[in-house]
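Student: First the structure, then my questions, so here it is.
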Amino acid sequence: MSLLFKGRQQAANQRVSLVQRFFMFFADHLRQSVNSLGELYRIPFASLMTIGVLGFSITLPSTLYIMVENTEQVTDQWQQASEISLFLREDLSDAQAQQLMKRLSSWNEISQVDYISSKQALEEFQRLSGLGEALDYLDKNPLPAVVLVVPTAKHATPTAAGLLLDKLRKEREVDIGKLDIEWLERLYSLLSIAKELVYLLAILLFFAVVLIIGNTIRLNILGKRDEILVMKLVGATDAFIQRPFLYTGFWFGLLGGLMAWFTVTLILLWIGWSLDEFMQQYQIQLDITGLNIKALGSMLVLSILLGLMGSFLSVRKHVNEIEPK
Amino acid sequence: MIKFEDVSKTYPGGQLALSKVNFHIEQGEMAFLTGHSGAGKSTLLKLISLMERPNVGRVLINGHDLGQIKRKQIAYIRRDIGMIFQSHQLLMDKSVFDNVALPLIIEGHTRKTITKRVDAALEMVGLREKTRNLPITLSGGEQQRVGIARAVVNRPPLLLADEPTGNLDPKLSMEIIRLFEDFNSAGVSVFIATHDLGLIARMKYRTLTLKGGRMITDGLSQQEEGWS
């Protein structure tokens, strides 16, 4: 409504129904968004460069993130196999050992217990070591009896398994307890450092993207300075003038996100081929995840947000600054 | 319609543009504002269209103090004022139709209304056949008429013109003034700034004369004393 003249009908006059106005609002936005896309198409080279910057900036952290995720998935499989070896005291009889077995199998942290008597251990050692009859010359079996404890999945993580080991060590029959997960712990902390680095890198790149989009939009705004002045002279609000530029940011985001998804897919396919062979050697099951719809969705949302943020920052500052004098 | 109460304007840097200006233009009146370049004509118009704010005094339109208008509301104020510029201020890469339609698009009218009103406005200024042309292909007088069509397309109650005949020969200038007279007889208040004294002399309209930022005469155009 007019501020100065009461009763003067301005915008979409009252005869237009609410429903009609509702559709007009969307038709208006659709038209403006398509116009913005057309502007990008008219300067294809410059647009592609900006979209490329956005696309690659999202590709890098996305690829790294997916790799870290997948590495974690692999190590999860290794942990399932983690075993605790308990070397029993030498003076223990078989009966006492069986008693220990019974007690341990009732623990709910433990899914499986196997007993290897010192005799069995020696036989196995003889077979595998290739020392053969040389071992017969020993006057006494030097190997202790061993109990192999497999923790349940819940207690198979490095920390939980470590706690379980401490508990097992307190059993009086146990001489030495060993859990060979130190390397796993190291891998684990390396992975979490890697993850944090990926996050850091992502944040820095996202910042850069916002600034680059902001600057591109700034140049667009300055290029349309005369048009903006005229629009302000005939009564356009800042919001109206800003809208096409925000849509430009939106399109940059959407197209950049699609490009990133495409590039990540290619990279993962390529890595997948070279990994396949390696995985087969180690009999590891690995389906590289990250190519699904959910990942595409979050990448698009992220990159559209970045595009909008960049254009919003720029538009807020520069459209306000252009005033007719 | 337009009322100035002891308005002074000093630009940053100390340049005095207007000093204690008082006048009142009634609703439905047509008046000229004249004076040498640098006398403060443009500043006065800018105070009405809110491109500038006065340092002292009040500017009122239809009884509303423009000093109360917030920055966000300026756009809405300008929709009530049809503005015409010496430099036309047209979008050179848009057709005549799109140029004239701009105020209606901004106000959010339907396609149908826009087409109807733009055609009517172009009819009034005699450019119905040039709808699809680009402004660059038009003559100076035609470009000015596109500017006028844009200013009146949303039927504002007030028209402001800053040197609308600046680059035109006397015959074309007269045609433009006739257009303003048409709008005026339809009830629109018209306020025209010009230094084209010959043009004003041929008509009997109220003329306000500025000199060095001061209003020196306010009356019919014949009274030109104190000018040179």
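The values are calculated or read from the model by the stated rules, or taken from the named source; none is laboratory data. This structure is a prediction, so every number in the text was calculated from the model and none was measured. Virtual Cβ from ideal backbone geometry, glycine too; neighbours counted across all protein chains shown.
Student: If A:R103 meets every condition in (1) within 44 Å of the chain's Cα centre (by Cα); (2) crowded, with 18+ Cβ neighbours inside 10 Å apart from one, which number is that one?
Tutor: If we test A:R103 against (1) within 44 Å of the chain's Cα centre (by Cα); (2) crowded, with 18+ Cβ neighbours inside 10 Å, just (2) comes out false.
Student: I'm trying to understand the selection: among the residues of the range A:81-92, which are within 44 Å of the chain's Cα centre (by Cα), surrounded by 13 or more Cβ atoms within 10 Å (Cβ to Cβ) and modelled with pLDDT under 80?
Tutor: A:S82, A:E83
Student: Could you go through the range A:58-80 and let me know if any residue there is surrounded by 15 or more Cβ atoms within 10 Å (Cβ to Cβ) and outside any helix (DSSP H, G or I).
Tutor: No, because not a single residue in the range A:58-80 is surrounded by 15 or more Cβ atoms within 10 Å (Cβ to Cβ) and outside any helix (DSSP H, G or I).
Student: Turning to a different aspect of this structure: Taking into account only those residues within the range A:137-162 that are surrounded by fewer than 14 Cβ atoms within 10 Å (Cβ to Cβ) and out of contact with any strand residue (DSSP E or B) (no Cβ under 8 Å at 6 or more places or on another chain), which is nearest to A:L88 (Cα to Cα)?
Tutor: A:P142
Student: Moving on to the next point. Please work out if B:V7 is away from chain A (no Cβ under 14 Å), surrounded by fewer than 21 Cβ atoms within 10 Å (Cβ to Cβ) and more than 18 Å from B:I192 (Cα to Cα).
Tutor: Here the answer is no, as B:V7 does not meet what is asked.
Student: Report, by residue number, each residue of the range B:81-98 that is facing another protein chain (nearest Cβ under 9 Å) and either farther than 20 Å from B:V188 by Cβ or in contact with a Phe, Trp or Tyr (Cβ under 6 Å, 6 or more places away or on another chain) (or both).
Tutor: B:L90, B:L91, B:M92, B:D93, B:K94 - these are the residues of the range B:81-98 that are facing another protein chain (nearest Cβ under 9 Å) and either farther than 20 Å from B:V188 by Cβ or in contact with a Phe, Trp or Tyr (Cβ under 6 Å, 6 or more places away or on another chain) (or both).
Student: Considering the range A:1-57 alone, what residues qualify as being modelled with pLDDT of 80 or more and of a type in the set (D, E)?
Tutor: A:E39
Student: Can I ask one more? In the set A:G272, A:G310, A:G297, which member is of a type in the set (G, A, S), in a helix (DSSP H, G or I) and surrounded by 18 or more Cβ atoms within 10 Å (Cβ to Cβ)?
Tutor: A:G310
Student: Can you tell me which residue among A:A134, A:A95 is aliphatic (A, V, I, L, M), surrounded by fewer than 17 Cβ atoms within 10 Å (Cβ to Cβ) and either at pLDDT 80 or above or not in a helix (DSSP H, G or I) (or both)?
Tutor: Going through A:A134, A:A95 in turn, just one is aliphatic (A, V, I, L, M), surrounded by fewer than 17 Cβ atoms within 10 Å (Cβ to Cβ) and either at pLDDT 80 or above or not in a helix (DSSP H, G or I) (or both): A:A95.
Student: Got a number for residues in the range A:179-198 being modelled with pLDDT of 80 or more and surrounded by fewer than 18 Cβ atoms within 10 Å (Cβ to Cβ)?
Tutor: Residues meeting the conditions: 9.
Student: For the range B:106-194, list the helices (runs of 4 or more DSSP H) that sit wholly inside it and hold at least 2 residues that are buried (at least 23 other Cβ atoms within 10 Å of the Cβ) and of a type in the set (G, A, S); which are they?
Tutor: Of the helices (runs of 4 or more DSSP H) lying wholly inside the range B:106-194, those with at least 2 residues that are buried (at least 23 other Cβ atoms within 10 Å of the Cβ) and of a type in the set (G, A, S) span B:140-152.
Student: Still on this structure, please answer the following. Being more than 10 Å from chain A (Cβ to nearest Cβ) and part of a helix (DSSP H, G or I) is the filter here; which residues of the range B:43-67 pass it?
Tutor: Residues satisfying the conditions are B:T43, B:L44, B:L45, B:L47, B:I48, B:G67.
Student: Now a separate question. Please count how many residues of the range B:2-37 are more than 15 Å from B:L208 (Cα to Cα) and assigned to a loop (DSSP other than H, G, I, E, B).
Tutor: Qualifying residue count, the range B:2-37: 5.
Student: Could you tell me how many of the residues in the range B:69-104 are without any contact (Cβ under 8 Å) to a residue 40 or more places away in the chain, under 21 Å from B:L158 (Cβ atoms) and either crowded, with 17+ Cβ neighbours inside 10 Å or touching a His at 6+ places or on another chain (Cβ under 8 Å) (or both)?
Tutor: Residues meeting the conditions: 6.
Student: Would you mind telling me which numbered condition in (1) away from chain A (no Cβ under 13 Å); (2) on the phi > 0 side of the Ramachandran plot; (3) in contact (Cβ under 8 Å) with a residue 40 or more places away in the chain B:G166 fails?
Tutor: (2)
Student: Where residues in the range B:27-41 are surrounded by fewer than 20 Cβ atoms within 10 Å (Cβ to Cβ) and at pLDDT below 90, which of them is farthest from the other protein chains (Cβ to nearest Cβ)?
Tutor: B:H36
Student: Just name the residue that is modelled with the lowest pLDDT out of those in the range B:99-110 that are within 7 Å of chain A (Cβ to nearest Cβ) and within 24 Å of B:V190 (Cα to Cα).
Tutor: B:E107
One line per residue, one yes/no per condition, for (1) outside any helix (DSSP H, G or I); (2) without any contact (Cβ under 8 Å) to a residue 12 or more places away in the chain:
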| position | (1), (2) |
| --- | --- |
| A:E196 | no, yes |
| A:L204 | no, yes |
| A:I217 | no, no |
| A:V230 | no, yes |
| A:A236 | yes, yes |
| A:I241 | no, no |
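Student: State whether one or more residues within the range B:98-109 are in the same structural domain as B:L168 (by TED's automatic domain parsing) and within 24 Å of B:I177 (Cα to Cα).
Tutor: No, the conditions are met nowhere in the range B:98-109.
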